[in-house]
Amino acid sequence: MIWMDHNAFMSGPIPSTFTALNLSVLEMHYSNFSGALPALDYRKIPDCNLYNEHFYHAATSRGNVFTCPLPPGAETCGAVCK
């Protein structure tokens, strides 16, 4: 289980080492993560939140915005790419 949500000061890429984990929770919403998402089976993570709507402000480009293309299933967790 990983909870790194609700913190505007958390930023940068999500480590690729996450692929070695068998996650039941991945909470990273309301933060400022970016870069390429690791290739996880996002559809199989029961509690998965990667969305960015709370901290996202167009003027400051804040919020989770990941590199396109997203890995399969990442959109089911609310991931957005640019």
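Descriptive notes on the structure:
- Residue satisfying all of: in region 37-52; out of contact with any helix residue (DSSP H, G or I) (no Cβ under 8 Å at 6 or more places or on another chain) and modelled with pLDDT of 90 or more; nearest to residue 69 (Cα to Cα) among these: 41
- Scanning region 1-55 for residues that are of a type in the set (Gly, Ala, Ser) and more than 17 Å from residue 80 (Cβ to Cβ) yields a count of 4.
- Residues in region 15-43 that are part of a loop (DSSP other than H, G, I, E, B), loosely packed, with under 14 Cβ neighbours inside 10 Å and in contact with a strand residue (DSSP E or B) (Cβ under 7 Å, 6 or more places away or on another chain): 24 only.
The values are calculated or read from the model by the stated rules, or taken from the named source; none is laboratory data. Quantities reported herein were computed from a predicted structural model and do not represent experimental measurements. Using ideal geometry, Cβ is built from the backbone for each residue, glycine included, and neighbour counts are taken over all protein chains shown.
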